[in-house]
1. Over 21 Å apart: what share of the alpha carbon pairs of the range B:6-109 falls there, rounded to a whole percent?
2. Provide the buried accessible surface between chains A and B in square angstrom, both chains summed, 1.4 Å probe, rounded to the nearest 100.
3. Mean separation of Cα pairs under 8 Å and 6+ residues apart, divided by the residue count of chain B: what relative contact order is that in percent?
4. Residue separation times 0.36 nm, minus the C-alpha to C-alpha distance between A:Lys18 and A:Ser38: what's the value?
5. How much of the accessible area of the protein assembly as shown, probe 1.4 Å, is carbon plus sulfur, in whole percent?
6. Could you state the accessible area per residue of chain B in Å², with a 1.4 Å probe and every protein chain left in place?
7. Per the Debye formula with a single identical scatterer at each Cα and no solvent contribution, what log10 I(q)/I(0) holds for the protein assembly as shown at q = 0.07 Å⁻¹?
8. How many percent of Cα pairs in chain A exceed 25 Å?
Amino acid sequence: ETGVTQTPRHLVMGMTNKKSLKCEQHLGHNAMYWYKQSAKKPLELMFVYSLEERVENNSVPSRFSPECPNSSHLFLHLHTLQPEDSALYLCASSQDPNSPLHFGNGTRLTVT
Amino acid sequence: GDSVTQMEGPVTLSEEAFLTINCTYTATGYPSLFWYVQYPGEGLQLLLKATKADDKGSNKGFEATYRKETTSFHLEKGSVQVSDSAVYFCALSGNQFYFGTGTSLTVIP
């Protein structure tokens, strides 16, 4: 079993839908992250949680809403997305914000 | 602010060729430096890291040396294999992680 598990692997949604991405880490880490990966662009950090407290929000549109109910689980709630939000969304965890990141395999999101 | 610049790809090499992927960084302070690899359909995996100047990170035949004087962390491998085909990302950790845009490597038999 991989250390960081993301579901679903693929998601297609219309602009008026509401969906959620799920991430679970089995590494005992204290920090969890959401990244957006788009072609030809650096990874974009979206949200950081440390000990279940949000510590970073890089000016992400409000149509993305994170939730961290405990140190092992992280969600990204999606609503009224735009086609330009289509991307690979990666979850990661680390022991602390300066330790190496461990990534899940991502959710490939397509907004139609 | 902190940033990472890595050579654009794609890079195509024959099996057993020598690989270099250039990476330079800009940072305040003394960041740790990393190379991550992403295989098709997967997330990023840590390949190697270096935490201070002159450190050499190595793993699976890949090496990179933290050069403070040239602010570089170039990735090298002496003899690539088909299984090394992937996208490689240079990264640094400052107040957060900063990643390069990735370099796609294809190794042909």
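1. Of the Cα pairs, 28 percent sit more than 21 Å apart.
2. So the total buried area for this chain pair works out to about 1300 Å².
3. Relative CO of chain B lands at 38 percent.
4. 5.1 nm
5. Result for the protein assembly as shown: 48 percent of the exposed heavy-atom area is carbon or sulfur.
6. Accessible surface, normalised per residue, equals 47 Å².
7. -0.22
8. In whole percent, the share of Cα-Cα pairs in chain A beyond 25 Å is 14.
The values are calculated or read from the model by the stated rules, or taken from the named source; none is laboratory data. It should be emphasised that the depicted structure is a prediction, and the values quoted were computed from it without experimental measurement. For neighbour counting, all protein chains shown are included, and Cβ atoms are generated from backbone atoms with ideal geometry for every residue, glycine included. Accessible surface is based on the protein model in full, side chains and every heavy atom, while ligands, DNA and RNA are left aside. Shrake-Rupley method; radii C 1.70, N 1.55, O 1.52, S 1.80 Å.
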